[in-house]
Amino acid sequence: MSKNLSCELKFNIKGEDKVVVVTQFPCRIGRKDSCDVAIKEESISSLHGILDITPEGQLSFVDSHSTNGTTHNSTKIEHILIDGPTALYLGEEKVFFIPKNVEEKVSQAKEVKECLYRRGGKEFGPYTWAALIELGKSGKLEENDFIWLSGASDWVRAKNVPGLIPVHNTEIQATEEQAAALQNRRRARNARNRTLGLLQREDSNLIACPHCWYQFQVEDFLFIARHQSLIGDPVLGADAQQRFLPSRFTPEGNAIDACGLSCPDMACPRCHLRIPQPASEMPPMFLSIVGTAASGKSYYLTSMIWKLRSIMPKDFAISFTDTDAISNQIINEFEETLFLPSDDEELVALRKTELQGELYNQVLINGMNINLPKPFMFSLSPTEHHPNNETIRKIISRTLVMYDNAGEHFEPGMDSVDNPTTQHLLQTDTIFYLYDPTKDIRFRNRLVGEDPQIVRGAKTQRQEVILTEMVNRVKKYSGLRTGVKSDKTLMILVSKSDLWQNLLDENFPENPWKWDSDLNTCALDIDIIKKISWNVRYILEGICPEVVSTAESFSNNVIYIPISALGQSPVINSMTGMTGIRSCDIHSMWVEVPMLYFFYKHGFISALQKNNENQNDLMEVSCKKVGETIFVMHNGLDKPIQVPSFYAGTIIRCPTTGKRFLIPEDLSN
Amino acid sequence: MAQELIYTSAPSGLRGGSGGFCTVAYTDKMHLELIQLLESLSAYKAAFSVHDIHAVDNPIAYTHFIYTIKLQNYSILSRVAPTLADHTLRDNKLAHHIVLSRRELVPAGPGGLVSDPNFFCSFWNEEPHYLPEREILNIEEGGLFASTWQKFAEDAGWAGVLAKHSIDRPRVPAFVIYKPQTPVHLLFKEALALMPENQRWKITFSTYFFFQPAGSSCLWRGCLEGSSAAKEARRQPQSLIIDLTQPLPVLSQKSQYIDCARGNCTEIIEKTNSKNPANRTQRLPYQGQILSQEVNKNGHISPITGIFGDGRENYKIIQKNNHSEESPKTVQSFLNRWKDN
């Protein structure tokens, strides 16, 4: 039965009726273009729900924790079996789900003359199909009556038989009520927005909580009571200040608590954790950093933030500041430890990232203790001398949200309901995956230097397992079908490059960006980044091909970047047996480049004009594109080089001959 | 029988595929919900960096929390402490949790158990394995004189202040701010010893408080000086704060607890439950009425028994030995204080 199952979705967007036939399952329905069915309405969440076929072969719709929920017959539902034509409200939008095989069943029945209906245990009929329709039109047949059509195995409710009960009979009253309620809600929302003075994104007025990733309307913000007697919160515990939905405001837009104090601080309606006001004004931009335990994620994060603080305003005319000192307290401490110690010749170390404690907030949601990772938040906005300050101020003014996950969080089996610490993977459009070459014995054998992490016997780990687990989690959270690639950008950051940069054929400059006098800012050299990426990819393909294949089976946008958070091997403290680094020895390499590329992809910074490299020096090659792979052939090769289409338009080096060639940009399949 | 769990950073854990910070041992057949809870209680925040010369002064966190799992109350005693470098040559910690059901709540109380040097595991270099259930034995109690308080607060009576605070205001936290190397678990043990046996297990505590776990209270909080928890403590005017880093004021208040802590009396104030018919002597006519006298186990007449009319638990003052006897006036003033509260 399920093999031929399809479902017709009918909905109305801005007065225009739309019909979509879904034949592939699971089918993601939501507001975002990345969904299989995109319904661009404000009240629909970016991923609202998933239409799928159950193991029993029935269609089902599962709400994906949408902000405004899914309603069926005025009842909020999380999961519904679609066993007949069903009208659901996704947020405030009505969508009809019509399983195709049911309709076929009904149409077959229509040809049969014998139809019965049953009400209160009594059966009426037989009627012809036409007579039954007349009963429906006249209102004698009610939506909750049961219908039996000859040949059918069971009775079905009249409302589930298409064409039998006119829509206006059953729902006009509800629609009017809903319209009135909707109007009231919108009015309230607008009033609150004016009071709070919050900026909204143009496409949506939803706020995304950086703690639990719940999306909510601005009027649902809770405020944090300030009076010392207002203590005790059901979600945060007995010590926390109470959260409340305000009814009174000061002229400045602050809520007034039960004891009359002005309360400027706001909190998420789900997790009750504080959301700094700038984070509510500037839409968040999530970034996930993934890697195995001890791969150096905390060191990388710290070095990257430290570097971005200085180069972003100076070189790219974008201010990069802490959104809130409280939220970033831990990363600030990390920066102080590494870069601002009282004695820069003393050994320092960042503490091993824990799976509980100071990096997490414990909240009690639905009776469960849930650990939520504390976000680090940074405000981005163009400086006054930014070339397009006026036009892009609103687009670039964003809150960058990152997390310092422990590597253990990405291990298979660690994604539990009480520990949803990696669910930011769903929110982000770019993932940084930290690959540590010292953890791979094949790579380690080719490393140089006296690093305690590469001595014989030091622990190794299969890193593609973590990458595979990450891919599976993204697919699970987003309902992505098997075999379908994600539209996220995956950056493979090959760390500790100070130990292996001798393997690179390309010389990579210290800073891959240059001053652009037209822009009055620097511009990123995308060509050199892609060239280096191709070179690193080739090295990885030779040493650990499974990492490359796993990454490229996940996304078509995979870029490989060498980085070194410290630029120096750590040393062992003979007293403690633990590794540490001297601040004066730190010379990080390319730690900011992945983030600059991320900003470039989001249009925050510009790319340098294409390098007019002497095209005469380039080797002539023949290229053929199949899918997302370009097959490049030239003299002297037995088999073509396979280049991801990501590198189209780039001059890259042939790994075999060392000669350069250009991958044409306009290749078609 | 008690259950236990050990959590540290190791190359591999007991759960297949786990490594790094993970559970390396737990009592066979422990419920998953309990395992997850204990893991969540394994947090540690080093006050001093691993390469700091003061790293050895990082406090050990002894905690007692109470949780309800599947309608059953559990007292969880834990020791979380920094330990030697792990397999990745980085800092490490060792958390040992012991879960007691009602039957294992021995009279020595949580303070007595956590202060026993053999109660917790302080070193781990074994392969992951399951543990057998553990029998909990009572610990011999010492005298009531609070010698550790005498040393660190210069007046042992502060132990009585802490004990009385939690008797009088059982939901309001108390903070003890201390310098590194202060044996806070001994301070708490001595204060708990002043309390009636059936009250000791109601006191949740952390000798090194740096985060509040959701789902359990933490009534006594040891805060290292200069820590954010210590700063936070000063913002809570309703709480009791005993700052051992500053000269403490001369204790002007008087109570049996203070006297006992100073070694001036050997009595403890025992609390009984008015809902238990065995403890009732007569039905209660109205609030605060003194009802009867009764004979204690030693054959002495106990000074007085009082039951309050609002359904609160009553207090019965009994003599532990024959050396002293509470005067009716003192008892009456004690009862009046309770009534006022």
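Descriptive notes on the structure:
- If you filter segment A:215-234 down to residues that are of a type in the set (A, V, I, L, M) and at pLDDT 90 or above, you find that the one that is farthest from A:SER64 (Cα to Cα) is A:ALA225.
- Residues of segment A:646-668 satisfying the condition of being among the small types (Gly, Ala, Ser) and over 12 Å from A:LYS530 (Cα atoms): A:GLY658, A:SER668
- Only residues that are modelled with pLDDT under 85, in a loop (DSSP other than H, G, I, E, B) and within 12 Å of chain B (Cβ to nearest Cβ) were counted across segment A:358-379, and they come to 1.
- Candidate set: segment B:188-207, residues that are in a loop (DSSP other than H, G, I, E, B) and of a type in the set (S, T, N, Q); chosen: the one nearest to B:ILE76 (Cα to Cα): B:THR204
- Residue check for B:ASP91: surrounded by fewer than 18 Cβ atoms within 10 Å (Cβ to Cβ) and either among the charged types (D, E, K, R) or away from chain A (no Cβ under 12 Å) (or both): no
- Complete set of residues in segment A:577-595 that are within 12 Å of another protein chain (Cβ to nearest Cβ) and of a type in the set (A, V, I, L, M, F, W, C): A:MET578, A:ILE581
- Which numbered condition A:SER574 misses (of (1) within 14 Å of another protein chain (Cβ to nearest Cβ); (2) open to solvent by less than 20 Å² (accessible area, probe 1.4 Å); (3) not acidic (Asp, Glu)): (2)
- The residues listed here are B:GLY143, B:GLY112; of these, the one that is under 20 Å from B:THR207 (Cα atoms) and among the small types (Gly, Ala, Ser) is B:GLY112.
A quick yes/no check of all residues on (1) within 14 Å of chain B (Cβ to nearest Cβ); (2) open to solvent by 10 Å² or more (accessible area, probe 1.4 Å); (3) small (Gly, Ala, Ser):
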position: A:SER381; (1), (2), (3): no, yes, yes
position: A:GLU384; (1), (2), (3): no, yes, no
position: A:ASN405; (1), (2), (3): yes, no, no
position: A:SER416; (1), (2), (3): yes, yes, yes
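- Hey, A:LEU480 more than 14 Å from every other protein chain (Cβ to nearest Cβ), in contact with a Ser or Thr (Cβ under 7 Å, 6 or more places away or on another chain) and farther than 22 Å from A:VAL417 by Cβ or not: no
- Within segment B:208-262, restricting attention to residues that are β-branched (Val, Ile, Thr) and assigned to a loop (DSSP other than H, G, I, E, B), the residue that is farthest from B:PRO82 (Cα to Cα) is B:VAL250.
- Residues satisfying the stated conditions in segment B:13-54, i.e. surrounded by fewer than 19 Cβ atoms within 10 Å (Cβ to Cβ), facing chain A (nearest Cβ under 7 Å) and either under 28 Å from the mean Cα position of the chain (by Cα) or of a type in the set (Ser, Thr, Tyr) (or both): B:GLN36, B:ALA46
- Inclusion of B:TYR7 among residues that are under 30 Å from A:ARG462 (Cβ atoms), assigned to a strand (DSSP E or B), hydroxyl-bearing (Ser, Thr, Tyr) and within 12 Å of chain A (Cβ to nearest Cβ) is warranted.
- Boolean, A:TYR214 is within 26 Å of the chain's Cα centre (by Cα), closer than 30 Å to B:CYS22 by Cβ and surrounded by fewer than 22 Cβ atoms within 10 Å (Cβ to Cβ): yes
- Test: residue in segment A:300-322 that is within 11 Å of another protein chain (Cβ to nearest Cβ) and either of a type in the set (D, E, K, R) or open to solvent by 20 Å² or more (accessible area, probe 1.4 Å) (or both): no
- Condition met for B:GLN238 (touching a residue at least 12 places away in the same chain (Cβ under 8 Å), within 11 Å of another protein chain (Cβ to nearest Cβ) and out of contact with any Pro (no Cβ under 7 Å at 6 or more places or on another chain)): yes
- Filter pass, B:PRO170 being open to solvent by less than 30 Å² (accessible area, probe 1.4 Å), part of a loop (DSSP other than H, G, I, E, B) and either free of Cβ contacts under 8 Å to residues at least 12 places away in the same chain or within 13 Å of chain A (Cβ to nearest Cβ) (or both): no
- Unique residue being farther than 25 Å from A:TYR560 by Cα, open to solvent by less than 30 Å² (accessible area, probe 1.4 Å) and in contact (Cβ under 8 Å) with a residue 24 or more places away in the chain when the list is A:THR421, A:THR428: A:THR421
- In segment A:386-403, the residues that are in contact with a Pro (Cβ under 6 Å, 6 or more places away or on another chain) and either within 14 Å of chain B (Cβ to nearest Cβ) or open to solvent by less than 10 Å² (accessible area, probe 1.4 Å) (or both): A:ILE396, A:THR399, A:VAL401, A:TYR403
- Verdict on B:LEU194 being away from every other protein chain (no Cβ under 14 Å) and touching a Phe, Trp or Tyr at 6+ places or on another chain (Cβ under 6 Å): yes
- Annotation: of all residues in segment B:79-108 being more than 14 Å from B:ARG134 (Cβ to Cβ), hydrophobic (A, V, I, L, M, F, W, C) and touching an Asp or Glu at 6+ places or on another chain (Cβ under 8 Å), the one that is modelled with the lowest pLDDT is B:ALA85.
- Restricting segment A:559-583 to residues that are among the hydroxyl-bearing types (Ser, Thr, Tyr) and assigned to a strand (DSSP E or B), the residue that is modelled with the lowest pLDDT is A:THR579.
- The sole residue among A:THR302, A:THR337 that is in contact (Cβ under 8 Å) with a residue 12 or more places away in the chain, in contact with a strand residue (DSSP E or B) (Cβ under 8 Å, 6 or more places away or on another chain), of a type in the set (Ser, Thr, Tyr) and part of a helix (DSSP H, G or I) is A:THR337.
- Residue that is nearest to A:HIS65 (Cα to Cα) [pool: residues in segment A:235-247 that are within 12 Å of chain B (Cβ to nearest Cβ) and either open to solvent by less than 30 Å² (accessible area, probe 1.4 Å) or in a loop (DSSP other than H, G, I, E, B) (or both)]: A:VAL235
The values are calculated or read from the model by the stated rules, or taken from the named source; none is laboratory data. Predicted model only: the values in this text are computed from it and were never measured. We place every Cβ from the backbone using ideal geometry, glycine too, and count neighbours over all the protein chains shown. Accessible surface is based on the protein model in full, side chains and every heavy atom, while ligands, DNA and RNA are left aside. Shrake-Rupley method; radii C 1.70, N 1.55, O 1.52, S 1.80 Å.
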